[in-house]
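I have placed the structure first, in the form of structure tokens, so that the comments after it can refer back to it.
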Amino acid sequence: MSTRKDAFPALTAALAEATLSLQELTSAQQRKDRVAALYADHKPRQPATSPKRAAAVSPRALSPEEAAALEERRAAAAERARVAEVTRRIERVYKRYAPHKLDRMASQLEKHEGKEEKLLRALVAKYGPEPE
């Protein structure tokens with residue numbers, strides 16, 4: 001059975017592959033979400049590549065197909081980070097103005113999937129400014 005320790009080298013490699021470095025992210029929560037997304041993408045229950053094996057692989061140029069796949073992964077990771085940030089903002093609005101509706105937040109997010117910013121704007125228009 002894998003442990004979190006087993007996944008560390010693989011996560012490190014995934015972080016190195018991504019263009020967004022943790023230093024570029026502005027808040028601790030964004031860093032946490034980014035690491036969680038990379039951790040989830042990598043499927044840590046699978047055996048990680050050994051550090052010796054990773055060091056033995058020489059760097060090479062990416063083929064156009066590999067570059068496109070890498071760009072897709074980067075875009076997907078950025079989208080997940082964006083959705084996570086908007087979701088936190090929506091949750092703060094609900095906690096401040098309508099805590100009794102927090103249990104319905106998940107269904108609202110499902111209903112507005114892909115339109116999270118629009119939902120946030122509607123909530124701000126209905127309840128007032130976003131809490132800090």
Hey, Ser58 loosely packed, with under 10 Cβ neighbours inside 10 Å, hydroxyl-bearing (Ser, Thr, Tyr), at pLDDT below 70 and over 21 Å from Val124 (Cβ atoms) or not: yes
Among residues of segment 86-116, those that are exposed (fewer than 13 other Cβ atoms within 10 Å of the Cβ) and of a type in the set (A, V, I, L, M, F, W, C), counted: 2
Any pair with Cβ under 9 angstrom, 6 or more apart, that starts in segment 105-117 at a residue that is closer than 15 Å to Arg89 by Cβ and ends at one that is of a type in the set (Ser, Thr, Tyr): Met105/Thr87; Met105/Tyr94; Gln108/Tyr94; Leu109/Thr87; Glu116/Thr87
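Considering only residues of segment 89-132 that are of a type in the set (Gly, Ala, Ser) and not in a helix (DSSP H, G or I), which is farthest from Asp33 (Cα to Cα)?
Among them, the one singled out is Gly128.
The values are calculated or read from the model by the stated rules, or taken from the named source; none is laboratory data. From a predicted model like this one, the values you see are computed outputs, not experimental measurements. Positions of Cβ are generated from backbone atoms using ideal geometry, with glycine treated the same way; all protein chains shown enter the neighbour counts.
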